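Comments concern the structure below.
The values are calculated or read from the model by the stated rules, or taken from the named source; none is laboratory data. Note that the coordinates shown come from a computational prediction; the quantities given were computed from them, not determined experimentally. Neighbour counts run over all protein chains shown; Cβ positions are idealised from the backbone, glycine included.
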Amino acid sequence: MSEKKMTSSRRHHLKSMMLQRGQQLLEADAKQAEVDKERYMEENCISLDLPTCMQGLQDLCKKLHQQIDAVDEQRYDIESKVAKANKEVEDLKIKVQDLKGKFKKPALKKVRMSADAMLQALLGSKHKVSMDLRANLKQVKKEVKEEEKESVGDWRKNIEDKAGMDGRKKMFESEA
């Protein structure tokens, strides 16, 4: 079977016909929606007859408030049903994706950044803050109990005595 190419004029004619048909369908849908809206309004909305006396107006207001409450309850019920259906659809999408098994978590790359580069990336080029994190640490002096100083057997207990040059000098003098 040999397939013949469609001429550009024929293609253009078919395209214009499809667009015209689509336009007609859209117009018909809009007219039908307007008719449905009018029919719904006639069924559910009463004609407004304003009474002249105060009691009649109060009764009308009470009746309107009751209708508003009923409509709000219906709206809330419908919204909850839609939210439940949307959540169910999302869960099903996730299940389908899991069943396909094509989803792979990308391997994360290790990024080496200094603290200054990280701050510059977060704060932008406006703020050039040099931050030495070790300078902000508190200096903590270790308190050594007196009884620990007296025990010479463990080298960790008298490490403060041997710290610095004086400590090393004492260590060599005591060994000699």
Residue by residue through the range 47-84, note down the ones that are exposed (fewer than 10 other Cβ atoms within 10 Å of the Cβ) and among the aliphatic types (A, V, I, L, M). Leu48, Leu50, Met54
Candidate set: the range 56-76, residues that are among the basic types (Lys, Arg) and farther than 14 Å from Ile46 by Cα; chosen: the one farthest from the chain's Cα centre (by Cα): Lys62
Mind checking which pairs have a first residue in the range 58-85 that is part of a helix (DSSP H, G or I) and a second that is among the charged types (D, E, K, R) and modelled with pLDDT of 95 or more, Cβ under 8 Å, 6 or more apart or different chains? none
What pairs come out if I take residues in the range 35-56 that are under 21 Å from Val71 (Cα atoms) and among the hydrophobic types (A, V, I, L, M, F, W, C) and pair them with residues that are assigned to a loop (DSSP other than H, G, I, E, B) and at pLDDT 85 or above whose C-beta lies under 6 Å away, six or more apart or interchain? none
